[in-house]
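Data first, discussion second: the structure below is written as structure tokens.
Laboratory data are not the source of any read-out in this text; all were calculated from the coordinates shown. Just so you know, these numbers come straight off a predicted model, no measurement behind them. With ideal geometry, Cβ positions are generated from the backbone for all residues, glycine too; neighbour counts draw on all protein chains shown.
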Amino acid sequence: MKSPIFAANWKMNHSPADATAFIRTFLANFGKRQDRSVIFFPPALSFGAVVSALKDRPDIQLGVQNIHWEDKGAFTGENSAPIARGAGAKYVLVGHSERRHVFGETEVETGKKVAAAVRAGLTPVVCVGETLAQREAGETVSVVLGQLRAALGTLSGADAANAVIAYEPVWAIGTGRNATPADASAVHHAIRAELHAFLPSGSLAVPILYGGSVNRGNAADLLAAPEVDGLLVGGASLDAEGWSSIVLT
Ligand code: 13P
């Protein structure tokens with residue numbers, strides 16, 4: 001019996017006022033329950049509003065969408081892992097496709113961000129995924145496992161066992177074209193095997209989420225696929241009623 005994770009990546013959406021209204025509606029639909037976990041990743045400036053709106057619901061977790069790899073210093077515009085932790089975050093997205101492809105984040109930087117997250121007591125949600133060209137060239141597994149090794153390579157086995165992995169094929173993000181459950185499952189199996197190779201005793205503790213054009217219509221089938229431990233959702237997490245129905249899948 002799985003206890004799936006439903007993670008909402010709001011990206012650059014929802015002002016503090018919108019976020020507060022969203023959480024109010026969501027809480028009216030979603031009572032406390034043991035059989036699933038919900039994590040919200042609001043934009044940094046709306047983070048405090050979501051913390052306040054969730055003050056009576058410690059069952060719902062929060063994460064930030066990005067951190068700098070240094071703990072503090074002269075990095076105008078950035079937020080560090082200790083700042084995120086202090087603000088109430090438990091998780092951080094690292095290596096999201098938009099960080100890699102829009103902002104040019106490298107695998108080395110991703111590795112440093114994962115290390116910074118762990119230092120501060122945050123759980124990194126390590127995002128990996130191939131482009132369409134890489135998939136068509138048959139490189140999916142090698143690209144994804146390369147990203148995984150770069151991200152987790154500096155961690156001890158115990159710290160790596162506390163990570164979360166999100167497989168998000170770049171071609172599926174925001175396109176309306178999700179991976180099939182079978183395709184997602186195949187990549188998740190490869191990730192699990194790689195985790196087992198360097199984390200023999202802890203690999204099964206690492207949840208592997210799928211992300212990329214998840215919606216109300218495909219969430220149940222994706223979640224039912226072997227090795228899919230949860231969903232990381234962008235566009236379909238922006239509407240409180242729609243997101244409630246996905247979480248109640
Ligand atoms: P979409 O659900 O909008 O495709 O975005 C997925 C994603 O990038 C979540 O991190």
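So, in segment 4-121, how many Lys pairs have Cα atoms under 25 Å apart, if the pair is 8 or more places apart or on different chains?
13
Would you mind working out the magnitude of the charge dipole of the chain relative to its Cα centre, with +1 at each Lys and Arg C-beta and -1 at each Asp and Glu C-beta, to the nearest 20 Debye?
580
What percent do you get for the relative contact order of the chain when only Cα pairs under 8 Å and 6+ apart count?
The value is 20 percent.
Normalised by the number of residues in segment 1-113, what is the relative contact order in percent for Cα pairs under 8 Å and 6+ residues apart?
23
Would you kindly calculate the mean projected area, averaged across all directions, of the convex hull enclosing the Cα atoms of segment 71-119, in square nanometres?
Projected over every direction and averaged, the Cα hull of segment 71-119 covers 3.7 nm².
I'd like the projected area of segment 1-103, averaged over all directions, using the convex hull of its alpha carbons. Report it in nm² with one decimal.
7.5
Whole-Hz ³J(HN,Hα) for each residue in segment 215-226, computed from phi via Karplus 6.51 cos²θ - 1.76 cosθ + 1.60 with θ = phi - 60°, x for glycine and proline: what do you get?
Residue by residue, segment 215-226 yields 8, 4, x, 10, 4, 5, 5, 5, 5, 6, 6, x Hz.
Could you tell me which of L62, A28, V50 has its Cα farthest along the dipole of segment 1-79 towards the positive end, charges placed at Cβ (Lys, Arg +1; Asp, Glu -1), taken about the Cα centre?
Projecting each Cα onto the dipole axis, the largest value belongs to A28.
How far apart, in nm, are the 7 Å Cα→Cβ label points at D59 and T106?
Inter-label distance under the simple model: 4.5 nm.
Sort 152-164, 223-235 by the packing proxy (mean of other Cβ within 10 Å over each peptide's residues), most packed first.
Listed from highest to lowest mean packing, they are 223-235, 152-164.
Treat the chain as a sphere of radius equal to its Kirkwood radius over Cα pairs and apply Stokes-Einstein at 25 °C in a medium of 0.890 mPa s; give the translational diffusion coefficient in µm²/s, rounded to a whole number.
136
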